[in-house]
Amino acid sequence: MININTARLDRFIVESRKLYERWLGELVEIPTVSADPAYQDDILKGAALAASYLTEMGARAEIVKTEGYPLVLGHFDAQANAPTIAIYNHLDVQPASPSRWLHPPFKFTTTLDGHYLGRGTTDDKGPALAALFAARFAHEEGIPINIKFIWEMEEEIGSPHFEAAIRSKSADLHPDSILVSDTIWISRDKPAITYGLRGLMAATMTLTTAERDAHSGLVGGAARNPLAELCQVISQCLDPLTGRVKISGFYDKVRKPTPQELKEFESLQFNVSEFKKANGLRSLRMEGAGQILLATWCEPTFEVHGLVGGYIGSGVMTIVPHKAEAKISTRLVPDQEPVEIFELLKDHVAKINPDVVVELESTLAPYLTEFSGPYAQAAREAVSLGFGLKPVFIRGGGSIGSVVSMQSLWPVPIVLLGLSLPEHGYHAPNEYFDWPQASGGIRSIAHYLSRISQL
């Protein structure tokens with residue numbers, strides 16, 4: 001058995017800190033916002049910088065063009081007969097409104113207590129660099145494993161060109177296993193290895209009732225109000241107090257968690273107060289820890305993300321809007337099919353208000369795998385060595401399109417070994433990462449690479 005020299009690894013981590021922080025700062029200060037076409041040049045600049053980091057670490061790097069934003073690949077080659085692992089992260093980020101941040105979102109700041117402030121620090125640039133430094137150490141130590149890096153620039157918009165890109169490079173990338181570091185722990189003292197993700201169906205509901213906005217003093221009472229009508233439609237899709245979806249057939253194919261999963265969830269000692277604090281929640285639909293875990297991991301949802309129409313300035317302008325749009329999504333669980341759920345929604349809305357146009361925006365299938373076997377055990381041991389804490393296996397409430405694509409193309413074990421904490425603020429204002437999670441991540445992933453090189 002090949003064991004890592006822990007003294008050398010610890011020394012490597014200490015000596016790497018300044019470079020890690022410099023590179024993370026450089027990446028964060030490039031606003032790689034994939035959802036906004038205005039940042040196209042920044043996306044390309046970020047991809048070029050990422051490729052240069054791979055090269056500086058001793059890997060072969062290439063930028064793969066797609067019909068959208070590029071993919072960055074890196075190759076640490078060991079031996080032809082050695083196992084191959086693909087390590088996936090994404091380098092694009094969510095938009096950030098400066099008015100909601102306490103500091104500029106794309107200005108990297110390091111605090112005295114080792115916090116790294118800025119958009120993308122925890123989702124997902126910080127974990128990506130931790131994996132890169134771990135791979136560098138494993139490669140220098142001669143661990144017999146070929147490491148392929150896959151860095152995406154479109155994850156935050158649903159990975160529309162990812163599958164086609166990796167399919168075109170499959171011969172060069174084809175792995176024996178995959179590691180993804182883009183998930184969240186339960187808490188700082190409770191590392192989590194994720195084995196399930198919810199799917200997604202996103203759609204818009206649009207209602208147009210006139211040619212233009214009109215004065216309510218002239219038409220109010222007679223004119224239809226599309227905002228009010230959409231609110232009525234939404235109220236007949238969802239019970240907002242319980243979260244229960246009212247669409248016929250919505251729950252028909254929901255796979256219930258197994259007794260073994262429920263037992264694992266019960267052992268988590270989930271802290272409801274910490275959950276609320278980390279996510280800025282004043283109140284919840286339920287207060288029981290078990291109910292919250294089931295609601296966020298194992299049950300589907302119906303969410304309203306935005307209602308657009310009419311006057312949105314200060315004060316009140318007494319017009320009747322001519323058009324309104326609701327932006328909605330459903331998080332889905334095994335064995336729900338996103339397109340089938342969309343058709344159920346469309347039929348349901350048509351019965352309530354046939355004038356509402358329901359359009360499909362995007363879909364993503366749920367993901368679920370086993371939380372046992374040699375790769376899961378290797379991950380458990382690696383996290384224990386990296387952080388000195390025993391990890392738990394959980395489902396995640398979010399979605400990662402690339403995981404579904406990779407599972408479809410390469411039917412190999414996938415381990416989701418995240419490094420982020422709830423308080424780090426995924427997609428939220430004032431996002432941050434920290435050195436304890438980065439250094440523990442480098443240590444954990446290095447041990448994981450060593451262990452799976454022997455499988």
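Taking the Cα-to-Cβ direction at GLU163 and at GLN40 and moving 7 Å from each Cα, how far apart do the two end points lie in nm?
2.6
Compute the helix-to-body angle for 6-28: its Cα long axis versus the longest principal axis of the chain, expressed 0 to 90° and rounded to tens.
40
Helix 435-452 versus the longest principal axis of the chain: what is the Cα-based angle in degrees, 0 to 90, to the nearest 10?
The angle comes out at about 60 degrees.
Does region 118-175 come out rounded, prolate or oblate, given a ≥ b ≥ c as the square roots of the eigenvalues of its C-alpha gyration tensor, rounded meaning a/c under 1.5 and, failing that, prolate meaning a/b above b/c?
Details: a/c = 4.77, a/b = 1.17, b/c = 4.08.
Note, shape of region 118-175 comes out oblate.
Rounded to the nearest 500 deg cm²/dmol, what is the calculated helix-only ellipticity per residue at 222 nm for the chain, with -39500 (n - 2.57) per DSSP H run of length n ≥ 4? Could you put the intermediate results ahead of the total?
Numbers: 14 runs with 156 residues, N = 455.
Rounded to the nearest 500, the figure is -10500 deg cm²/dmol.
What ranking do HIS215, HIS115 get, fewest neighbouring Cβ atoms within 10 angstrom at the top? Walk me through the numbers on the way to the answer.
Numbers: HIS215 12, HIS115 15.
Least to most surrounded, the residues fall as HIS215, HIS115.
For region 373-455, build the charge dipole from Cβ charges (+1 Lys, Arg; -1 Asp, Glu) around the Cα centre, then report which of PHE393, TYR375, TRP435 sits farthest towards its positive end.
TYR375
LYS323: which aspartates and glutamates have alpha carbons under 12 Å from its alpha carbon, excluding same-chain residues fewer than 8 sequence positions away?
In chain and number order, the partners are GLU211, ASP213, GLU229, ASP355.
At what distance in angstrom do the alpha carbon centres of region 145-182 and region 314-388 lie from each other?
The two parts, judged by their Cα centres, are 22 Å apart.
Determine the shape class of region 227-278: with a ≥ b ≥ c the square roots of the Cα gyration tensor eigenvalues, call it rounded for a/c under 1.5, and otherwise prolate if a/b is greater than b/c, oblate otherwise. List each step's numbers first, then the result.
Details: a/c = 5.51, a/b = 1.59, b/c = 3.46.
Note, shape of region 227-278 comes out oblate.
Given axes a ≥ b ≥ c from the Cα gyration tensor, I'd like to know whether region 71-125 is rounded (a/c under 1.5), prolate (a/b larger than b/c) or oblate.
On the way: a/c = 4.66, a/b = 2.43, b/c = 1.92.
Here region 71-125 falls in the prolate category.
For the chain, what is the convex hull volume of its Cα atoms per residue in Å³? Spell out each step's value before the answer.
Working: hull volume 69.8 nm³, N = 455.
Per-residue hull volume (Cα only) is 153 Å³.
Every number in this text was worked out from the coordinates using simple rules, so none of it is lab data. Model, not experiment: these values are computed from the prediction. Cβ sites come from the backbone with ideal geometry, for glycine too, and all protein chains shown count toward neighbours.
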